[in-house]
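The values are calculated or read from the model by the stated rules, or taken from the named source; none is laboratory data. Treat the numbers as computed from the prediction; the structure is a model and nothing was measured. Here the Cβ positions follow ideal geometry from the backbone for every residue, glycine too, while neighbour counts run over all protein chains shown.
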Amino acid sequence: MRILICPLNWGLGHASRCIPIIHKLTLQGHEVVIVADGYPLQLLQLEFPQLSFLQYPSYSISYSDGKSQIFAMLKCLPNIMAGVVKEHYWLKKLLVNEYFDQVISDNRFGLWSKKTHSIYITHQLMIKMPNGIKWLEPIGWMLHQFIINQYNECWVPDNPTHGGLSGDLSHKYPLPKHTKFIGTQSRFSLINGLTPNAEYHTVAILSGIESQRQHLEQQIIEKNKNEAFRTLIVAGKPSAASISTQIANVTIISHVSTLELANYLLGCNKIICRSGYSTIMDLHTLGCLHKAELIPTPGQTEQEYLAEYHLDISKNRKDPMN
């Protein structure tokens with residue numbers, strides 16, 4: 001088959017969890033074309049230099065510098081809605097000139113078509129609302145169901161039992177009838193010959209929307225630069241040539257290969273990262289989740305929930321995947 005894969009560009013997570021899916025499809029002999037932009041495009045080009053790529057922008061959003069993102073997201077809502085309409089008609093126009101047996105969209109709302117088999121990937125079937133407007137959660141769930149129902153299938157990168165890794169996000173409300181749990185999706189699941197690298201005591205993995213990504217980077221530098229141990233910050237800026245900076249005992253590198261990152265994570269004593277779902281899947285796959293300090297993006301309700309959910313799991317010493 002000829003398959004179009006389209007991850008959302010809100011950090012690297014949507015692109016990174018598509019990596020094992022792309023590998024599987026190519027090994028099965030399918031022709032895969034990738035639609036992406038920004039750092040996700042660069043990450044996937046590094047992982048799959050042999051594949052064809054199309055550039056099309058995701059929805060433009062920005063986070064507030066404060067602890068609440070409500071007004072920032074409301075401000076971005078018109079751009080998001082316009083982006084959904086634009087990408088839907090972009091796909092419609094593309095399918096006039098090119099044929100695809102399947103379109104797989106990772107959380108891009110508008111990339112479905114009645115002219116092909118459309119698949120939607122999400123772990124967040126319900127939208128966590130901030131305190132004060134939690135009464136809107138059922139309405140948000142229904143609106144998301146409307147979008148999901150435009151697709152032929154809905155894939156959830158989690159396991160269906162015991163709350164999985166996503167908890168309420170994909171287990172609280174009734175599922176659409178065409179939902180399929182596809183298990184944990186991590187780029188680290190593809191690696192053989194791992195060798196833990198203990199060069200750094202602490203490894204920080206950064207991703208996500210600016211300016212919050214940069215704020216966390218600065219906080220980690222200030223906290224760790226004068227410590228006796230060494231800290232590595234992987235800045236989440238993929239490019240063909242990695243850029244490295246040294247500030248006292250902190251090394252900041254723009255990007256490392258998947259194998260290098262896995263070895264650093266296995267060998268270090270502590271991991272600092274956002275509580276994004278793809279990061280949680282990666283750390284669970286490596287068996288490193290217990291070493292992680294999960295720091296949610298301020299006001300990002302999904303990440304705040306996941307950080308609390310996995311803290312509770314850690315305290316109760318239970319594995320949600322068993």
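Data for the structure
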| quantity | calculated |
| --- | --- |
| Meets criteria (at pLDDT 95 or above and in a strand (DSSP E or B)) for Ile280 | no |
| Matching option when the condition is out of contact with any helix residue (DSSP H, G or I) (no Cβ under 8 Å at 6 or more places or on another chain), closer than 22 Å to Gln45 by Cβ, of a type in the set (Ser, Thr, Tyr) and assigned by TED's automatic domain parsing to the domain that holds Asn197, among Ser239, Ser254 | Ser254 |
| Single residue of region 225-256 satisfying the filter (free of Cβ contacts under 8 Å to residues at least 12 places away in the same chain and in a loop (DSSP other than H, G, I, E, B)) that is surrounded by the fewest Cβ atoms within 10 Å (Cβ to Cβ) | Ala241 |
| Sole exception among (1) touching a residue at least 60 places away in the same chain (Cβ under 8 Å); (2) under 18 Å from the mean Cα position of the chain (by Cα); (3) under 23 Å from Pro20 (Cα atoms) for Cys288, by number | (1) |
| Yes/no for Ser207 being in contact with a Cys (Cβ under 9 Å, 6 or more places away or on another chain) and part of a loop (DSSP other than H, G, I, E, B) | yes |
| From the options Leu95, Leu91, Leu111, residue that is at pLDDT 95 or above, in the same structural domain as Val33 (by TED's automatic domain parsing), in contact with a Gly (Cβ under 9 Å, 6 or more places away or on another chain) and surrounded by 12 or more Cβ atoms within 10 Å (Cβ to Cβ) | Leu91 |
| Meets criteria (crowded, with 16+ Cβ neighbours inside 10 Å, assigned by TED's automatic domain parsing to the domain that holds Pro57, in a helix (DSSP H, G or I) and touching an Asp or Glu at 6+ places or on another chain (Cβ under 9 Å)) for Ser170 | yes |
| Filter pass, Tyr277 being within 30 Å of Gly164 (Cβ to Cβ) and of a type in the set (Phe, Trp, Tyr) | yes |
| Any strands (runs of 3 or more DSSP E) falling wholly within region 1-70 and containing at least 3 residues that are hydroxyl-bearing (Ser, Thr, Tyr) and modelled with pLDDT of 95 or more | none |
| Pairs where the first residue, in region 261-284, is over 25 Å from Glu227 (Cβ atoms) and the second is among the charged types (D, E, K, R), C-beta under 6 Å, 6+ apart | Ser278/Arg17 |
| Test: residue in region 267-277 that is assigned to a helix (DSSP H, G or I), farther than 23 Å from Leu169 by Cα, modelled with pLDDT of 95 or more and not polar (S, T, N, Q) | yes |
| The listed residue being at negative phi, surrounded by 21 or more Cβ atoms within 10 Å (Cβ to Cβ) and without any contact (Cβ under 8 Å) to a residue 60 or more places away in the chain, out of Val203, Val156 | Val156 |
| Residues located in region 292-316, provided they are in contact with a Phe, Trp or Tyr (Cβ under 9 Å, 6 or more places away or on another chain) and at negative phi | Pro296, Thr297, Pro298, Gln300, Glu302, Gln303, Leu306 |
| Exclusive hit being closer than 21 Å to Thr122 by Cβ and β-branched (Val, Ile, Thr), set Thr297, Thr258, Thr251 | Thr297 |
